[in-house]
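Notes follow once the structure below has been shown.
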Amino acid sequence: MLSRRVWFRATVFTALAIVFALAAGVLGAVLPFRVTIELGQNSVGSLLQIIATAMLTATTFSVTAMVSAYSAATTNATPRATQLLIADPTSQNALSTFVGSFTFAMVGIIALSTGYYTEQGRTILFFGTLVVIAVIVVTLLRWIAHLADFGRMPDVVDRVEEAATAALVAHAASPALGASVASGPHEHWSPVWAERSGYVSHVDMDALQQAAEGAAVTLLVVTQAGRLTDRSRPLARVSGDIDDETRRAIVAAFRVGARRSFEQDPRFGVIALAEIGSRALSPSTNDPGTAIEVIAALQRVFERALTTAPDRSVAHPSLAVVPPTLEELLVDAFRPIARDGAGFVEVHVRLQKSLAALAACAPERARQIETVARALAKRADEHLDEADRAELAREGRGAWAGVA
């Protein structure tokens, strides 16, 4: 979204700062009453000079801090988390406030030097400058407090967990995105090919419904958000013939980009969390504690999704979707950690306990969850010594004993 871009918010703040600085001159000329106070010689100009110098330094410092946080997240956690840090509203507001304040000061200095302000206009500018200083102080205090955690491992894990939870809960609430769940073979249906390669980041179901309804066909969404598409893979299949205009409308409903996003992709968030846990278990890091924290985060994500009641209503009757299964999502989430933590018995004990807890909170899905748990335990048995295997078996039996 445009509002999440750093440059967009900075541009808005800068434009408002210019308007704010110039409005003092206009108000000073048109107000029917006079508001003036005795100001020292060039007092407003001195304040603006201080603001301009300080905000240039603060902006440089903020950009450096943000880039350092992005780099730390990329190196220590996963590059997939960087987009969440970039979209952080607190850092964007801080940077935008500093840039806007610098612009306000520069415009005010230039306007003062050209005689743009009347005596009343300078008074209004003085009060406006005091307001800007107050905003700067509040923003600086919030920014300093925010920097204490920004980009650190717990902060990154929390951000990815939040994004994964939002996507997975939305998927659990509407697994087929308001369409019907596809059944039966569809290979004989006419394919609609992608026009370029990339990841599907969003599917406009309303636009697809309108196109399918207008052409009197049923449309199967083949490539869902998060999938890689190219000219050899169909985006969708239709049950009948369609004209070129309908075909273009179908292709336009799929937003294709160079990278995946968290918004409509239920798998991307859990994959990103799994990458953090997997990297923590690499020989260069050797941090099973972080991997265990990630497993706990994944457990919370799936608990929220499994306890979300699905909406079975069909808002798009002309569309069909094959949603990812719970087993596929669990494998995406836990297999990388089980693979890279194969030699850590404490990691596999936590995996078994987490999966058993998920099975307990969703008894109707217990069989699928247990299938994944058995596969992960089998992988561990191939790498653990006899004592660790016995401990894992004992802890696993205890964890699954209370699961119906």
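Within segment 290-313, is there a residue that is of a type outside the set (Val, Ile, Thr), surrounded by fewer than 17 Cβ atoms within 10 Å (Cβ to Cβ) and more than 29 Å from residue 369 (Cβ to Cβ)? The answer is no, given that none of the residues of segment 290-313 is of a type outside the set (Val, Ile, Thr), surrounded by fewer than 17 Cβ atoms within 10 Å (Cβ to Cβ) and more than 29 Å from residue 369 (Cβ to Cβ). Among the residues of segment 254-269, some residue qualifies, meaning at least one is small (Gly, Ala, Ser), out of contact with any strand residue (DSSP E or B) (no Cβ under 8 Å at 6 or more places or on another chain) and buried (at least 19 other Cβ atoms within 10 Å of the Cβ). Scanning segment 71-118 for residues that are farther than 18 Å from residue 129 by Cβ and either among the charged types (D, E, K, R) or touching a Gly at 6+ places or on another chain (Cβ under 7 Å) (or both) returns 72, 73, 80, 85, 88. Within segment 319-330, identify whether any single residue is among the acidic types (Asp, Glu), touching a Lys or Arg at 6+ places or on another chain (Cβ under 6 Å) and closer than 20 Å to residue 262 by Cβ, and answer yes or no. No, there is no match, as no residue in segment 319-330 is among the acidic types (Asp, Glu), touching a Lys or Arg at 6+ places or on another chain (Cβ under 6 Å) and closer than 20 Å to residue 262 by Cβ.
Being of a type in the set (A, V, I, L, M) and over 22 Å from residue 280 (Cβ atoms) is a property that does not hold for residue 337. Looking across 377, 399, 393, 366, one residue alone is touching a Lys or Arg at 6+ places or on another chain (Cβ under 7 Å), part of a helix (DSSP H, G or I) and either among the aliphatic types (A, V, I, L, M) or over 18 Å from residue 339 (Cβ atoms) (or both). It is 399.
When 201, 180, 197, 190 are checked against the criterion of being in contact (Cβ under 8 Å) with a residue 24 or more places away in the chain, touching a strand residue (DSSP E or B) at 6+ places or on another chain (Cβ under 9 Å) and over 23 Å from residue 264 (Cα atoms), 190 stands alone in meeting it.
Of everything listed in (1) loosely packed, with under 14 Cβ neighbours inside 10 Å; (2) in the same structural domain as residue 91 (by TED's automatic domain parsing), the single unmet condition for residue 231 is (2).
In the set 377, 356, 333, 366, which member is closer than 21 Å to residue 272 by Cβ, among the aliphatic types (A, V, I, L, M), in contact with a helix residue (DSSP H, G or I) (Cβ under 7 Å, 6 or more places away or on another chain) and touching a residue at least 12 places away in the same chain (Cβ under 8 Å)? Result: 333 is the single residue among 377, 356, 333, 366 that is closer than 21 Å to residue 272 by Cβ, among the aliphatic types (A, V, I, L, M), in contact with a helix residue (DSSP H, G or I) (Cβ under 7 Å, 6 or more places away or on another chain) and touching a residue at least 12 places away in the same chain (Cβ under 8 Å). Filter segment 160-179 for residues that are touching a Leu at 6+ places or on another chain (Cβ under 7 Å) and either surrounded by fewer than 19 Cβ atoms within 10 Å (Cβ to Cβ) or assigned to a loop (DSSP other than H, G, I, E, B) (or both) and give the result. Once the filter is applied, which keeps residues that are touching a Leu at 6+ places or on another chain (Cβ under 7 Å) and either surrounded by fewer than 19 Cβ atoms within 10 Å (Cβ to Cβ) or assigned to a loop (DSSP other than H, G, I, E, B) (or both), segment 160-179 yields only 179. The single condition among (1) under 30 Å from residue 221 (Cβ atoms); (2) touching a helix residue (DSSP H, G or I) at 6+ places or on another chain (Cβ under 6 Å); (3) at pLDDT below 95 that residue 344 does not meet is (1).
Restricting 21, 81 to those that are in a helix (DSSP H, G or I), at pLDDT below 90 and either touching a helix residue (DSSP H, G or I) at 6+ places or on another chain (Cβ under 8 Å) or surrounded by fewer than 19 Cβ atoms within 10 Å (Cβ to Cβ) (or both) reduces the list to 21.
Residues considered: 35, 44. Of these, the only one that is among the hydrophobic types (A, V, I, L, M, F, W, C), part of a helix (DSSP H, G or I) and either over 37 Å from the mean Cα position of the chain (by Cα) or at pLDDT below 90 (or both) is 44.
The values are calculated or read from the model by the stated rules, or taken from the named source; none is laboratory data. Here the structure is a predicted model, which means the values were calculated and not measured. For neighbour counting, all protein chains shown are included, and Cβ atoms are generated from backbone atoms with ideal geometry for every residue, glycine included.
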